[in-house]
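Structure record follows, encoded as structure tokens.
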Amino acid sequence: MDDRSVKKLHLGLRMTGLILCVSVFLSSAAIWIGTRIFVNKNNEAYKMQARSVAGSVGLIADEDRFRDMVSLVRNIYEDAPSDIRDADASMGGEVAYSYDEGEYPSLFKEAQDRIYTETINKLNYLCEESAAADIFIWFPDYERHRMVFVMFAAAEKYQSEIEPPGFWTEIYEEDEEYTLSPDTQGYYASYEREDEVTGQTVTYVQCILPLYPDDNAVEEGSAFVTVDIEWKDVHEQTLEYLRHFLIAVVILTLILVGLSQLILRYSMVGPLKKVIAEEERVATELSLGSDIQKSALPESVMCHFGSGDRVAVYGSMKPAKETGGDFFDYYLIDEDHLVLLIADVSDKGVPAALFMMMSKIFIDCFATQHLEPGEALMRANDAIFARNKEQMFVTVWLGVLELSTGILRAANAGHEKPVIRRAGGEFEIYVDVHGFIAGRLKNMKYKTYEIMLGAGDTLFLFTDGLTEAMNTEENMLGAEGMLGALNSLPEDTDPETVCLHMESAVRQFSNGAPQSDDLTMLCVRIEKEN
């Protein structure tokens with residue numbers, strides 16, 4: 001073997017070793033980063049699912065009925081003999097339920113009427129449909145540091161763990177602050193317990209929300225709804241993900257080592273040109289897709305409707321990627337009724353854009369049939385659900401404004417609450433009636449509510465890309481930041497200026513941080529007569 005062959009062999013071995021080392025390093029880094037992102041995304045998805053289920057409990061029965069159930073169970077509990085209520089809370093109510101061969105539990109028979117049973121059955125069904133392990137309604141006994149159950153529902157495999165009304169359990173020390181006073185955003189917890197059926201330790205994601213979301217504070221006698229969702233699927237999905245990833249890495253490494261000799265002989269210019277051409281093709285297709293999506297939305301120009309052009313409307317959508325999942329629209333269904341629509345799909349990019357187009361078609365189809373907004377959302381939800389194999393969802397706010405009277409009839413499918421500025425006042429969040437997100441469950445009902453808009457009033461609608469905009473320190477703008485920016489504007493500011501001002505406020509707050517979510521806004525103002 002001559003010197004030239006030896007040098008070529010050494011060069012080939014060095015290239016092979018370099019590629020092997022780089023492949024192992026990059027593969028390890030990719031596995032670690034990918035696994036962290038995968039688990040975090042799943043964790044966030046479980047939190048969102050738990051909150052969505054907790055927020056849907058209010059649709060099972062009317063608020064007055066829930067209040068009556070809580071009050072009845074609380075009164076029975078407080079009237080029980082003191083030696084029962086003062087028993088060690090760590091016993092979890094077992095002392096009470098063994099008291100005098102069932103005297104204590106018999107006190108709650110009057111609470112377990114037909115409506116109570118029907119409500120429990122509906123909650124059990126919600127557990128099955130939403131993959132929740134259990135849903136329970138309770139109120140705190142602050143003096144004895146315990147939670148007292150009013151209603152307890154569970155999926156079929158957890159039915160043996162259901163606790164009866166009046167049963168209590170100790171509030172864990174580390175959860176005290178959140179359990180006794182959760183804020184309007186709810187409280188999430190991750191905890192482990194031994195499954196009574198399998199004997200295995202199971203991890204759960206838990207969400208706690210006030211049962212009466214319209215209350216401004218947690219008062220004596222307030223009740224809460226808690227949802228537990230089993231987290232075992234995340235572990236199984238993570239292992240499956242790692243198996244596939246490792247196999248792909250091993251195969252790719254072997255291929256790279258085998259091709260290392262060929263790389264020395266052939267120029268990289270040709271393949272590089274092909275890569276660049278492919279990237280340009282993909283970029284062109286994404287740009288075309290973005291143009292097609294924008295053509296399905298109204299142009300960002302000020303529009304006027306009604307007699308004397310009294311109603312001014314302006315909307316805008318700025319996607320985080322080339323294509324986005326947010327959308328808005330406004331259009332007349334007759335001379336006196338203006339449809340207002342804003343929505344947010346549960347993803348970004350091309351999949352969200354396709355799901356957005358499908359969702360918008362169905363919502364528009366039913367909105368133009370002069371149906372109540374709640375009825376239109378119910379039908380659109382069923383249509384989307386029937387074609388939603390990817391298990392995506394969309395939050396929707398749909399309203400119909402009667403131009404001659406200013407009466408706005410609207411319904412909300414899990415979307416952000418609207419913001420209203422009354423003439424002479426400031427922008428404030430309007431706490432409306434929330435329904436379940438659209439596209440995930442069949443036969444969901446949405447309640448239509450009514451708002452009266454008068455001269456000088458402004459309605460501002462938005463997606464969570466506004467309040468969840470982040471800066472370089474990873475702080476979110478939040479509802480307070482949004483209201484502060486809105487209220488810095490003069491009262492007579494037109495809708496276009498409002499939206500442009502909020503886009504500027506988000507850019508200034510972000511301070512160079514990349515846009516993480518689509519930003520969509522829709523603003524309506526009732527002009528004062530000259």
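The values are calculated or read from the model by the stated rules, or taken from the named source; none is laboratory data. Given the structure is predicted, the values throughout are model-derived calculations rather than measurements. Cβ coordinates were reconstructed from backbone atoms using ideal geometry, including for glycine residues, and neighbour counts include every protein chain displayed.
Do you know which residues across the stretch 348-365 are surrounded by fewer than 19 Cβ atoms within 10 Å (Cβ to Cβ) and either hydrophobic (A, V, I, L, M, F, W, C) or not in a helix (DSSP H, G or I) (or both)?
Once the filter is applied, which keeps residues that are surrounded by fewer than 19 Cβ atoms within 10 Å (Cβ to Cβ) and either hydrophobic (A, V, I, L, M, F, W, C) or not in a helix (DSSP H, G or I) (or both), the stretch 348-365 yields Val350, Leu354, Met357, Met358, Ile361, Cys365.
Quick check: is even one residue across the stretch 125-139 more than 27 Å from Asn412 (Cβ to Cβ), assigned to a helix (DSSP H, G or I) and at pLDDT below 85?
No, the stretch 125-139 has no match at all.
For the stretch 463-474, state whether one or more residues are in contact with a strand residue (DSSP E or B) (Cβ under 9 Å, 6 or more places away or on another chain) and over 23 Å from Val506 (Cα atoms).
Among the residues of the stretch 463-474, not one is in contact with a strand residue (DSSP E or B) (Cβ under 9 Å, 6 or more places away or on another chain) and over 23 Å from Val506 (Cα atoms), which makes the answer no.
Is one or more of the residues making up the stretch 95-116 within 31 Å of the chain's Cα centre (by Cα) and at pLDDT 75 or above?
Within the stretch 95-116, one or more residues are within 31 Å of the chain's Cα centre (by Cα) and at pLDDT 75 or above.
Could you list, in sequence order, all residues of the stretch 207-238 that are modelled with pLDDT under 70 and of a type in the set (A, V, I, L, M)?
The answer is Ala217, Val218, Val234.
Just for the stretch 449-493: of the residues that are in a loop (DSSP other than H, G, I, E, B) and touching a Leu at 6+ places or on another chain (Cβ under 6 Å), which one is surrounded by the most Cβ atoms within 10 Å (Cβ to Cβ)?
Ala469
Looking only at residues in the stretch 494-518 that are out of contact with any helix residue (DSSP H, G or I) (no Cβ under 9 Å at 6 or more places or on another chain) and not in a helix (DSSP H, G or I), which one is nearest to Gly424 (Cα to Cα)?
Among residues in the stretch 494-518 that are out of contact with any helix residue (DSSP H, G or I) (no Cβ under 9 Å at 6 or more places or on another chain) and not in a helix (DSSP H, G or I), the one nearest to Gly424 (Cα to Cα) is Asp494.
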